[in-house]
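Throughout, read-outs are computed from the coordinates displayed, never taken from laboratory work. The model shown is predicted, which means the values in this text are computed figures rather than measured ones. Virtual Cβ from ideal backbone geometry, glycine too; neighbours counted across all protein chains shown.
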Amino acid sequence: MKKTVFFIAMLLTIATAASAQRANQKWYRHAIGVRGENSVYNIFPLVGVTYDRFLSNQTAAELILVTDLVSGTEISGFYKYVKSIPDVPASVRWYAGIGAHFGQWHAKDIDIVAGIDGILGIGYTFDQIPINATLDWHPIINAVTSNTQYIFVSTKFGLSARYIIE
C-alpha cells in the first residue's frame, strides 16, 4: 500500500511539473505565414506576410508587411509580451505589445504614414500540425501623415496563420 501511494504521489508530482514546464515553454522559435487585415485607408482588404520570432519564453518580435495590391504598402514591427491563460491549454496564449509602422499609400490624400502601434491578441498553436493562428487588434497613431483624419486609428483588426519553422 505504501508503495502504491508513493508511486501515485510521484506520478502526480511529475505530471504537475511537466504541465508547469509546458505552460512556460515557448510556443515555437520561428514562424512565418500570411496575414489579412481590414483597411482603414480604402475599401480593399490588406493581405501580407508575417514573421514571428520568440526571444524568450514570454517575449517575441513580429514583423508584418501588408498591402492592398492597389494603392500602397505598410510594414510594422512589434515587441510582444506573450502569456498563457490560466486553466486553458498551453496551446492558447494571449499577447500584447508595442511597435512602429511605416507605409506609403495613394488613397484618401495620404502619401506617407509613420507612427507607433499597439497590438493585443490571442493565438492558438495546433498540437498535431506546425501551424499557429492568431487574431488581434492593432491600433495605430500616425505621427506622420498628410491627412489628419487618420492620426489615431482604432479599427484595425488582423488574422494571421503561420507555419512553424522550429
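Fewest-first ordering of His30, His101 by other beta carbons within 10 Å of each residue's beta carbon gives His30, His101. In plain terms, the residue of Ile164, Ile119, Ile98 with the fewest other Cβ atoms within 10 Å comes first and the most crowded comes last, giving Ile98, Ile164, Ile119. Sorting Trp27, Trp105, Trp94 from the fewest to the most surrounding beta carbons within 10 angstrom yields Trp94, Trp27, Trp105. Charged side chains reduced to their Cβ positions (Lys and Arg at +1, Asp and Glu at -1) give the stretch 27-164 a dipole of some 300 debye around its Cα centre. Computed from label points 7 Å out along Cα-Cβ, the spacing between Ile32 and Phe102 is 2.1 nm.
To the nearest 0.05, how large is the calculated FRET efficiency for Leu135 and Asp111 if R₀ is 30 Å and r is the Cβ-Cβ distance? It comes out at approximately 0.45.
On the principal axes of its alpha-carbon atoms, the stretch 75-154 has extents of 46, 23, 17 Å, going from largest to smallest. Multiplying the residue separation of Val40 and Thr59 by 0.36 nm and subtracting their alpha-carbon distance yields 4.0 nm.
Of all the C-alpha pairs in the stretch 18-166, what % are more than 19 Å from each other? Of all Cα-Cα pairs in the stretch 18-166, 50 percent lie more than 19 Å apart.
Each Cα pair under 8 Å and six or more residues apart adds its sequence gap; the mean of these over the residue count of the stretch 102-141 is a relative contact order of 35 percent. Extension gain, Glu166-Tyr124: 0.36 nm per intervening residue step, less the Cα-Cα distance, totals 13.5 nm.
Rounded to 0.05, the FRET efficiency of the Tyr79 and Ser146 pair, given R0 = 35 Å and the Cβ-Cβ distance, is 0.80.
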